[in-house]
Amino acid sequence: MSQQANPRGTFLQIAEAVKRQIEDDQNMTELPSLAEVMRDHKVSRGVALRAFGVLRQAGVAEPAPGERWRVVRSGAQADRRPLDQRIADIITAEGLEVGEAFPSASALAERFGVSRPTVTKALDKLETAGVLAGGGQGRVRTVRAVPTREERS
C-alpha cells in the first residue's frame, strides 16, 4: 500500500511547522502570507486558515486587521491599534503643522510594513475624519487638523 498524506490533522502539521519557523527565527514579526502557506504546503485556503487559528489559540500569533498575522512573543510590546491611529500619530510625533505635506502612501507602506492599498484605506479614514486633506493620484496629502489626545487614543 502506498503512503499517502492523511488529510486529517494537516492543519496541525502546518501550524507546527510555522511554530518551528517562529522559534528558529527570533526576528520574525509576522506569519507567512496565506498564499505562501497554501503554495508551500499544497493546501487550500481553509486549511491554511485553520492552521493560523491553531497558532492563535496557542498564543503564538494574532490577526492584525489590514495586515499580515503578527507573531506574539512573551514580553514583547507591539502597537496593536488600528493602522489609521498609528498613522495619525505621525502628525504629532514629527511635529507636523496644519497645511504641511504628509508622507506618501508608499513611504507609509514601507514604514509600517503593509501594502499600499491597506495604507490608502487608513488614509481615507483620516481624510473622512478631517485630519488629512487632498490625496489621490499625484496629489500630495496635507495635514488638515492636528489630532487631539482623545482622537488618538
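The values are calculated or read from the model by the stated rules, or taken from the named source; none is laboratory data. Every value quoted in this text rests on a predicted model; they were computed, and no experiment measured them. Virtual Cβ from ideal backbone geometry, glycine too; neighbours counted across all protein chains shown. We work out accessible area using only protein heavy atoms, side chains counted, and drop any ligands, DNA or RNA first. Shrake-Rupley method; radii C 1.70, N 1.55, O 1.52, S 1.80 Å.
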Among Thr142, Thr128, Thr118, pick out the residue whose Cα is farthest towards the positive end of the charge dipole of the range 81-150, where Lys and Arg carry +1 and Asp and Glu carry -1 on C-beta, about the Cα centre.
-> Thr118
Run the 1.4 Å probe and let me know the accessible area of Thr10, rounded to the nearest 10 Å².
-> 30
Lysines whose Cα lies under 21 Å from that of Lys42, excluding same-chain neighbours fewer than 8 positions away = Lys19
